[in-house]
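The values are calculated or read from the model by the stated rules, or taken from the named source; none is laboratory data. Remember, it's a predicted structure, so these values are computed and weren't measured experimentally. Quick reminder, even Gly has a Cβ in these numbers, built from the backbone with ideal geometry, and neighbours come from all protein chains shown.
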Ligand code: CUK
Ligand code: CUA
């Protein structure tokens, strides 16, 4: 006779739920698509899309840019992973971008994106991206579509609840997924989890003039896991909300042990008050190493520095700015409606959606309507903060976006659908299947004060039979819905690169005319720039050889290079002299371990090469730049050491 204990029973019921879902037959309802759909997504040759859609690349570590409604892939922006295609992470200028306190890393897992905002709406300046594995936040410039800055976050592991920003981009905020021992070199038993580990929330200050990030302070919390977050808006401007799971504080077999309690938490933080505590010197300095990498657009080069200290705040000591709200069944997303009044929690294993009221929350805090505390932090009574529950919306709610017309749209992973519901009366209005198992969804501006509505994009975890089979590894996928009417209408499938998690979208009008077309050669402050062919030269310094080389249609100067010896460190500093849009040149040398470089007009890029043998090595331009592109070549002669 086998006795099932409570844990294995619970494990069974979750497993049954998940298996039931996994084996359910795909319901491919292509027949339901109307002919009108084609017209809605058709962007004629030469015409532009209406929206930019910035989509996380998941485990490819990059961000990709699509046009909506066509679903056309416009660009992949390298952020946390090397990209041989353009030399990101391989050129001497971009190598520092991938430095961390663990040294240089070629890869990360990119989940969430947030556009910079002014007055709670996207201002089109920057896009922030998180790295999940080795915690970092990146800032991408939306005029150049280049990664300009990467800040590592110490005392964090699994930077998942990140990088969401306050209404005027005062801060980008990042919550850790794993709790960890705080400070450098903490060799402690894992069994001491409850007493020796902390969760952290990092507050990254953004300089409004240039976007520059700095780690202002970290909030230390009990050892729990943060999943996602969003800033308040309007009336809730001063607050930030975080979903938490594993309130049980398990450090092993979380699948079972972290699903014991009926409710986990949403954590509400008054960041204005936290700021005040920091101003009044209530923070404690901790030794914590982290890298800060900045790309300078006039030298076209990045530098990496290591910082050593971080200010921390302990809310179990300092009162009145952090509160827990009970939230059913392992909340994943926490999303704030455009008015800032409604806080939507989504329990991954729940069959309802709790909607909290900001006004009620404030009143409950005022009256100290608490259900005791959780390790020194007050827990507001569920009913006191609750506005109401959406009953039977679907199975496994994950994320919610808003259309600005009083409606919310929630993704359901387990029941594989998007559900539209009314925020005021909490009634379900419509539901449409997704193919299959949707994770995040995105409405342009759908997490801001003024959603642009019109479209909803679902980012799916599984595609099964939606595309031509490509072996065991299938295409990742997004689906586009028209949400302009009462009922949602599926109008397009489009494959994505990497695994899409969160995404952001904005009207093309907001940024398309700010796009940089080329870099001015007179403003190029690169230390190895060559501003004209007459300045081209080869300079030896010990065993380092600096080749100042220019590229212009359709030749390199110099294109015959001699005097290099085996074992030399050769630096090809290639300056693209073109002053015209859309004329990059590439550069490659036979046997180089460092990919190629792709140099934009007016830019200088450096490829390092250590020749391993005597001989004559060809160099050539890798980007088809003119009718005589194939003539854009040369030789390097390497002699005995
Ligand atoms: S997570 Cu991907 S489905 Cu990393 Cu935002 Cu919810
Ligand atoms: Cu330059 Cu091809």
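Considering every residue within region 57-64, establish whether at least one is modelled with pLDDT under 95, away from ligand 2 (no atom under 16 Å from the Cβ) and not in a loop (DSSP other than H, G, I, E, B).
Checked region 57-64: no residue is modelled with pLDDT under 95, away from ligand 2 (no atom under 16 Å from the Cβ) and not in a loop (DSSP other than H, G, I, E, B).
Within region 590-613, restricting attention to residues that are surrounded by fewer than 20 Cβ atoms within 10 Å (Cβ to Cβ) and more than 14 Å from residue 86 (Cβ to Cβ), which residue is nearest to ligand 2 (Cβ to nearest atom)?
Checked region 590-613; the qualifying residue nearest to ligand 2 (Cβ to nearest atom) is 590.
So that you can scan it fast, the table gives a plain yes or no per residue for (1) crowded, with 22+ Cβ neighbours inside 10 Å; (2) more than 26 Å from residue 59 (Cβ to Cβ):
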site: 414; (1), (2): no, no
site: 422; (1), (2): no, yes
site: 432; (1), (2): no, yes
site: 438; (1), (2): yes, no
site: 442; (1), (2): yes, no
site: 449; (1), (2): no, yes
site: 460; (1), (2): yes, no
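Given the condition out of contact with any helix residue (DSSP H, G or I) (no Cβ under 7 Å at 6 or more places or on another chain), crowded, with 24+ Cβ neighbours inside 10 Å and either modelled with pLDDT under 95 or over 30 Å from residue 414 (Cα atoms) (or both), answer yes or no: does some residue in region 250-258 qualify?
no
Cβ-Cβ distance below 9 Å, separation of 6 or more or different chains: which pairs start in region 98-116 with a residue that is under 18 Å from residue 497 (Cα atoms) and in a strand (DSSP E or B) and end on one that is at pLDDT below 95 and away from ligand 2 (no atom under 16 Å from the Cβ)?
Close Cβ pairs satisfying both conditions: 110/498.
Quick one: is residue 68 assigned by TED's automatic domain parsing to the domain that holds residue 499, touching a residue at least 40 places away in the same chain (Cβ under 8 Å), within 28 Å of residue 528 (Cβ to Cβ) and out of contact with any helix residue (DSSP H, G or I) (no Cβ under 8 Å at 6 or more places or on another chain)? Steps first, please.
Values: assigned by TED's automatic domain parsing to the domain that holds residue 499: yes; touching a residue at least 40 places away in the same chain (Cβ under 8 Å): yes; within 28 Å of residue 528 (Cβ to Cβ): no; out of contact with any helix residue (DSSP H, G or I) (no Cβ under 8 Å at 6 or more places or on another chain): yes.
It is false that residue 68 is assigned by TED's automatic domain parsing to the domain that holds residue 499, touching a residue at least 40 places away in the same chain (Cβ under 8 Å), within 28 Å of residue 528 (Cβ to Cβ) and out of contact with any helix residue (DSSP H, G or I) (no Cβ under 8 Å at 6 or more places or on another chain).
Can you name the residue in region 595-641 that is out of contact with any strand residue (DSSP E or B) (no Cβ under 8 Å at 6 or more places or on another chain) and outside any loop (DSSP other than H, G, I, E, B) and, of all such residues, is farthest from residue 78 (Cα to Cα)?
630
I'm told residue 155 meets every condition in (1) surrounded by 24 or more Cβ atoms within 10 Å (Cβ to Cβ); (2) on the phi > 0 side of the Ramachandran plot; (3) under 15 Å from the mean Cα position of the chain (by Cα) except one. Can you identify the failing condition by its number?
Only one criterion is unmet by residue 155, namely (3).
Exactly one condition in (1) under 28 Å from residue 453 (Cα atoms); (2) assigned to a strand (DSSP E or B) is false for residue 338; which is it?
(2)
Conditions tested, residue by residue: (1) within 16 Å of ligand 1 (Cβ to nearest atom); (2) under 23 Å from residue 153 (Cα atoms); (3) out of contact with any strand residue (DSSP E or B) (no Cβ under 7 Å at 6 or more places or on another chain).
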{"residue": "257", "(1), (2), (3)": "no, no, yes"}
{"residue": "290", "(1), (2), (3)": "no, yes, no"}
{"residue": "300", "(1), (2), (3)": "no, no, no"}
{"residue": "309", "(1), (2), (3)": "no, yes, no"}
{"residue": "344", "(1), (2), (3)": "yes, no, no"}
{"residue": "363", "(1), (2), (3)": "no, no, yes"}
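Identify all residues within region 119-140 that are more than 15 Å from residue 55 (Cα to Cα) and either more than 16 Å from ligand 1 (Cβ to nearest atom) or touching a helix residue (DSSP H, G or I) at 6+ places or on another chain (Cβ under 8 Å) (or both); write none if there are none.
Result: 119, 120, 121, 122, 123, 124, 125.
Residues to consider are 506, 490, 480; find the one that is buried (at least 22 other Cβ atoms within 10 Å of the Cβ), in the same structural domain as residue 143 (by TED's automatic domain parsing) and more than 20 Å from residue 447 (Cα to Cα).
Within the list 506, 490, 480, the selection yields 490.
Being surrounded by fewer than 19 Cβ atoms within 10 Å (Cβ to Cβ), closer than 30 Å to residue 432 by Cβ and within 16 Å of the chain's Cα centre (by Cα), is that true of even one residue in region 40-51?
Looking through region 40-51, none of the residues is surrounded by fewer than 19 Cβ atoms within 10 Å (Cβ to Cβ), closer than 30 Å to residue 432 by Cβ and within 16 Å of the chain's Cα centre (by Cα).
Could you check how many residues of region 392-406 are loosely packed, with under 15 Cβ neighbours inside 10 Å and at pLDDT below 95?
The qualifying residues number 1.
Could you tell me which of the residues 549, 583 is within 16 Å of ligand 2 (Cβ to nearest atom), assigned to a strand (DSSP E or B) and under 19 Å from residue 86 (Cα atoms)? Don't jump to the end; show me each part of the working.
On the way: 583 fails: assigned to a strand (DSSP E or B).
On inspection, the qualifying residue turns out to be 549.
Please go through region 487-519 and give me each residue that is within 16 Å of ligand 2 (Cβ to nearest atom) and free of Cβ contacts under 8 Å to residues at least 60 places away in the same chain, ordered by number.
Quick first cut of region 487-519, residues within 16 Å of ligand 2 (Cβ to nearest atom) only: 518.
Listed by number, the list is empty, since nothing qualifies.
With the requirement that a residue be without any contact (Cβ under 8 Å) to a residue 60 or more places away in the chain and at negative phi, what does region 454-473 give you?
Hits for region 454-473 are 456, 458, 460, 461, 462, 463, 467, 468, 469, 470, 472, 473.
Of the residues 429, 395, which is within 30 Å of the chain's Cα centre (by Cα) and either on the phi < 0 side of the Ramachandran plot or away from ligand 2 (no atom under 16 Å from the Cβ) (or both)? Talk me through it step by step, then tell me what you get.
Values: 429 fails: within 30 Å of the chain's Cα centre (by Cα).
So the residue among 429, 395 that is within 30 Å of the chain's Cα centre (by Cα) and either on the phi < 0 side of the Ramachandran plot or away from ligand 2 (no atom under 16 Å from the Cβ) (or both) is 395.
Does any residue of region 90-98 turn out to be under 14 Å from the mean Cα position of the chain (by Cα), surrounded by 22 or more Cβ atoms within 10 Å (Cβ to Cβ) and in the same structural domain as residue 244 (by TED's automatic domain parsing)?
No, region 90-98 contains no residue that is under 14 Å from the mean Cα position of the chain (by Cα), surrounded by 22 or more Cβ atoms within 10 Å (Cβ to Cβ) and in the same structural domain as residue 244 (by TED's automatic domain parsing).
Do we find that residue 585 is assigned by TED's automatic domain parsing to the domain that holds residue 556, more than 20 Å from residue 522 (Cβ to Cβ) and touching a residue at least 12 places away in the same chain (Cβ under 8 Å) in this structure?
No, not satisfied.
Residues in region 631-639: is at least one out of contact with any helix residue (DSSP H, G or I) (no Cβ under 9 Å at 6 or more places or on another chain), farther than 18 Å from residue 558 by Cα and within 16 Å of ligand 2 (Cβ to nearest atom)?
Within region 631-639, none of the residues are out of contact with any helix residue (DSSP H, G or I) (no Cβ under 9 Å at 6 or more places or on another chain), farther than 18 Å from residue 558 by Cα and within 16 Å of ligand 2 (Cβ to nearest atom).
Search region 562-580 for residues being within 15 Å of ligand 2 (Cβ to nearest atom) and not in a loop (DSSP other than H, G, I, E, B), and hand back the single one that is farthest from residue 546 (Cα to Cα). It would help to see each step written out before you state the result.
Restricting attention to region 562-580, the residues satisfying the condition of being within 15 Å of ligand 2 (Cβ to nearest atom) are 572, 574-580.
Okay, now just the ones that are also not in a loop (DSSP other than H, G, I, E, B), so 572, 574-576.
On the way: 572: 6, 574: 10, 575: 13, 576: 16 Å.
By that ranking, first place goes to 576.
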